[in-house]
Amino acid sequence: MIEHLLVNYEEAAAVILFGIGFTMLLFQRNLIKKLIGMNIMDSGIFLFLASMGYIEGRKAPIIVDGVQKAEMYINPVPAGLVLTGIVVSVSVTAIMLSLTVRLYKRYHTLDLDEMYVLSKHQEEDR
Amino acid sequence: MDFIRNFPLFTIVLSLFSGVLCFLLPGKAAKRYTFIYEGILLVLVGSVLLYTIRTGGSFTYVMGEFPAPWGNEIRAGVLESLLALAFVIILQCSLFAGYRFVEEDMDESKVNLFFTLVNLMTAALMALIWTNDLFTGYVFLEILTLTSCGILIVREIGRTTLAAVRYMILNLLGSGLFLLGVVLLYDLTGHLLMVPMRETVSVLSRDPAVMPVLTMAVGVLTTGLSIKSGLFPFHFWMPDTYGWATPASASLLSSIVSKAYIFLLIKTYYRAIGMDVIQKMPIPYILLGLGICGIVMGSVQAMHANNLNRMVALSSAAQIGYIYMGMGMGGVNGYTAAVFHILAHAVTKSLLFLTTPRLAEVSGGSLLFRSLQGAGIRNRDAGLFFTAGAFSMIGIPVFAGFASKLQFGQAAMETGNLKVLTAVMLALAVSSLLNAIYFIRTMIRIYSTGLGITRKEVPVRAHHRAGYNIPMIVLTLGNLILGLFSWKVVQLIHLGFSMFR
């Protein structure tokens with residue numbers, strides 16, 4: 001078991017990062033920390049994809065010296081997926097940060113639980 | 001005729017373009033444009049449905065003419081077209097009937113942004129329905145999450161923003177898990193396109209050492225999508241999210257967005273993993289169990305709600321449970337019942353969510369039950385449509401809810417498993433009883449004038465009244481068609497599933 005983990009240390013690190021991020025996103029009460037957690041979670045997945053897509057000794061699939069053998073190059077799809085994933089993650093973070101700013105202006109706190117209490121005081125059930 | 005094969009792509013690209021265009025247009029023009037565009041969309045999707053029924057087969061649109069396994073693909077069959085058509089009709093009805101409230105909740109200068117979001121959401125919905133590639137599914141899943149959060153926060157009050165943040169956090173957890181699942185499957189199979197992935201999965205599943213990893217990958221993906229669609233125990237975001245949203249948004253989120261996630265899951269099971277492999281995993285049993293728990297818990301919580309919107313939202317949690325229960329039963333019949341219920345619940349829930357604000361309007365703006373006394377008499381149209389929706393939810397014959405319960409019962413019989421049959425029948429019985437209790441209680445409330453409450457009728461302008469009644473009649477008719485001609489719809493769904501292979 002440990003041997004497998006040591007051989008695949010990049011994947012193991014990725015899964016640990018995912019776990020840390022996931023837990024932070026779920027359990028942190030502070031909105032900014034939640035967002036940091038979300039970014040760690042996404043980074044874990046990107047690390048997993050990037051490490052999976054890289055084969056040592058091979059090059060990026062750009063033909064320079066006329067070498068056309070597929071075995072000389074790595075598959076570019078995982079890198080493309082990571083880039084797409086990063087774009088998605090940035091947009092989601094931007095929206096969440098803008099919502100956080102809006103909530104902070106209204107409730108002067110970043111603690112989600114406190115916000116709930118304050119919101120119930122300020123706006124009655126209708 | 002073959003030109004119709006381009007239509008699925010048109011629905012995505014035109015919706016994206018419309019989103020950008022609405023951003024540039026002033027509010028009123030954006031509204032008019034979107035209403036016209038939704039009409040065009042209806043024609044496009046309707047043509048694809050007729051084309052697939054007539055040809056009796058599905059078709060694949062290869063993007064950029066790069067064949068599988070390199071390129072990206074869109075696929076259209078009867079099932080995809082049927083759902084797309086239902087979603088577009090409900091989208092249109094929700095916008096028509098809910099627009100007045102959007103105007104009230106938003107600054108006039110920002111109304112075009114609402115339509116920008118709606119069009120981008122339509123693009124994401126269409127892409128999720130048509131896509132044949134899991135990663136494309138992920139990208140549009142995130143676009144759907146962002147836009148649905150956007151249409152939530154158009155109502156600029158603190159509690160809506162808080163509900164939106166909660167909704168986003170849960171959705172981000174779901175998206176993260178879905179992405180991890182997709183990446184694990186890609187790692188195992190080397191494919192992102194659904195059909196090549198299924199072929200590799202089928203070979204891999206013969207190796208007992210790979211099965212646990214495969215199960216984990218599918219499990220992670222399923223957990224992600226079930227969090228996003230609100231399966232028990234992840235349904236706690238529903239009451240706040242639907243309860244505080246503007247009515248059009250609540251209707252869109254509950255009847256379309258959450259269903260699109262479930263449809264992606266069904267498509268992944270059928271086309272990317274293969275039903276024979278799914279049946280070897282414990283996942284269907286877990287879905288069945290959670291579905292049944294969702295049905296009971298959702299109904300019990302709905303009974304204790306003090307606010308009409310919260311009650312309707314919590315009953316959504318129960319209805320999502322039904323859909324997962326169908327998927328848990330497995331087999332074509334179980335999945336057919338699940339898809340039928342997606343349609344039945346979509347038309348019913350949009351009807352209810354668009355009716356509740358009208359009842360509140362004549363009750364001092366309050367959705368609390370004590371204020372709603374006699375609301376159905378003060379606004380007779382809204383009362384009537386609410387009653388139709390409630391009848392369907394309870395499962396009165398002629399309405400869609402009854403037909404879908406019948407489908408679930410039949411599917412359970414056909415599993416041949418006594419334990420599954422008993423559990424499903426009990427869940428159906430308990431849930432129908434609880435639904436009847438809280439919906440009939442609400443109907444008595446809105447139709448009785450006791451306690452001396454004598455609020456006056458709030459006059460509604462004629463064009464607003466027509467703009468509301470027409471979409472509501474369409475939704476009620478949709479409900480009746482699903483109820484009366486359920487055999488025809490089931491036939492279509494069966495045909496759709498037969499094309500899924």
Of the numbered conditions (1) aromatic (Phe, Trp, Tyr); (2) surrounded by fewer than 22 Cβ atoms within 10 Å (Cβ to Cβ); (3) more than 14 Å from chain A (Cβ to nearest Cβ), B:Phe135 fails exactly one; give the number of that condition. (3)
If you check A:Arg58 against the conditions, is it basic (Lys, Arg) and within 11 Å of chain B (Cβ to nearest Cβ)? no
Taking region A:23-53, which residues are closer than 19 Å to B:Val182 by Cβ, of a type in the set (Ser, Thr, Tyr) and out of contact with any Asp or Glu (no Cβ under 9 Å at 6 or more places or on another chain)? A:Ser43
Could you please let me know if A:Leu103 is at the interface with chain B (Cβ under 8 Å from one of its Cβ atoms), part of a helix (DSSP H, G or I) and within 30 Å of B:Leu367 (Cα to Cα)? yes
Would you check if there is a residue in region B:56-74 being free of Cβ contacts under 8 Å to residues at least 40 places away in the same chain, surrounded by fewer than 21 Cβ atoms within 10 Å (Cβ to Cβ) and among the acidic types (Asp, Glu)? yes
Provide a single number: the residues in region B:192-209 that are under 20 Å from A:Pro76 (Cα atoms) and either of a type in the set (Asp, Glu) or at the interface with chain A (Cβ under 10 Å from one of its Cβ atoms) (or both). 1
Criterion: surrounded by 21 or more Cβ atoms within 10 Å (Cβ to Cβ), within 14 Å of another protein chain (Cβ to nearest Cβ) and within 16 Å of the chain's Cα centre (by Cα) - qualifying residue of B:Ala123, B:Ala127: B:Ala127
Which members of region A:88-100 meet the condition of being at the interface with another protein chain (Cβ under 9 Å from one of its Cβ atoms) and hydrophobic (A, V, I, L, M, F, W, C)? A:Val88, A:Val92, A:Ile95, A:Met96, A:Leu99
Take the residues in region A:20-47 that are of a type in the set (D, E, K, R) and closer than 18 Å to B:Leu162 by Cα; name whichever of them is nearest to the other protein chains (Cβ to nearest Cβ). A:Lys34
Matching residues in region A:106-125 - criterion: being within 7 Å of chain B (Cβ to nearest Cβ), out of contact with any strand residue (DSSP E or B) (no Cβ under 7 Å at 6 or more places or on another chain) and not in a helix (DSSP H, G or I): A:Glu123
Just a yes or no: is a residue in region A:3-12 within 11 Å of chain B (Cβ to nearest Cβ) and either at pLDDT 90 or above or buried (at least 19 other Cβ atoms within 10 Å of the Cβ) (or both)? no
Would you list the helices (runs of 4 or more DSSP H) that sit entirely within region B:343-420 and hold 1 or more residues that are away from chain A (no Cβ under 14 Å) and of a type in the set (Phe, Trp, Tyr)? B:380-394, B:400-415
Can you confirm whether region B:310-324 contains a residue that is of a type outside the set (Phe, Trp, Tyr), more than 16 Å from B:Met238 (Cα to Cα) and part of a helix (DSSP H, G or I)? yes
Answer yes or no as to whether B:Leu152 is buried (at least 24 other Cβ atoms within 10 Å of the Cβ), modelled with pLDDT under 90 and under 17 Å from B:Leu253 (Cβ atoms). yes
Within region B:153-179, count every residue that is under 21 Å from B:Val118 (Cα atoms), under 21 Å from the mean Cα position of the chain (by Cα) and not aliphatic (A, V, I, L, M). 5
For region B:224-259: of the residues being among the β-branched types (Val, Ile, Thr) and in a helix (DSSP H, G or I), which is nearest to the chain's Cα centre (by Cα)? B:Ile256
Given the conditions (1) in contact with a Phe, Trp or Tyr (Cβ under 9 Å, 6 or more places away or on another chain); (2) within 14 Å of chain A (Cβ to nearest Cβ), every one holds for B:Leu225 apart from (2)
Any residue in region B:154-167 that is within 7 Å of another protein chain (Cβ to nearest Cβ) sitting within a Cβ distance under 7 Å of a residue that is part of a loop (DSSP other than H, G, I, E, B) and acidic (Asp, Glu)? List the pairs, counting only those 6 or more apart or interchain. B:Ile157/A:Glu123; B:Gly158/A:Glu123; B:Arg159/A:Glu123
Name the single residue that is farthest from B:Ser371 (Cα to Cα) among those in region A:77-126 being of a type in the set (Gly, Ala, Ser) and within 13 Å of the chain's Cα centre (by Cα). A:Gly85
Is at least one residue of region B:299-321 hydrophobic (A, V, I, L, M, F, W, C), surrounded by fewer than 22 Cβ atoms within 10 Å (Cβ to Cβ), out of contact with any helix residue (DSSP H, G or I) (no Cβ under 6 Å at 6 or more places or on another chain) and modelled with pLDDT of 90 or more? yes
Condition met for A:Leu81 (within 7 Å of chain B (Cβ to nearest Cβ), surrounded by 15 or more Cβ atoms within 10 Å (Cβ to Cβ) and over 20 Å from A:Phe27 (Cα atoms)): yes
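A quick yes/no check of all residues on (1) modelled with pLDDT of 90 or more; (2) crowded, with 16+ Cβ neighbours inside 10 Å; (3) polar (S, T, N, Q); (4) touching a helix residue (DSSP H, G or I) at 6+ places or on another chain (Cβ under 7 Å):
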| residue | (1), (2), (3), (4) |
| --- | --- |
| B:Ser363 | no, yes, yes, yes |
| B:Arg370 | no, no, no, no |
| B:Gln373 | no, yes, yes, yes |
| B:Arg380 | no, no, no, no |
| B:Lys405 | yes, yes, no, yes |
| B:Asn417 | no, no, yes, no |
| B:Ile453 | no, yes, no, no |
| B:His463 | no, no, no, no |
| B:Ala466 | no, no, no, no |
Answer with yes or no whether A:Glu71 is away from chain B (no Cβ under 13 Å) and assigned to a helix (DSSP H, G or I). yes
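The values are calculated or read from the model by the stated rules, or taken from the named source; none is laboratory data. Since we're looking at a predicted model, the values are computed, not measured. A quick note on method: Cβ atoms are made from the backbone with ideal geometry, for glycine too, and the neighbour counts reach across all protein chains shown.
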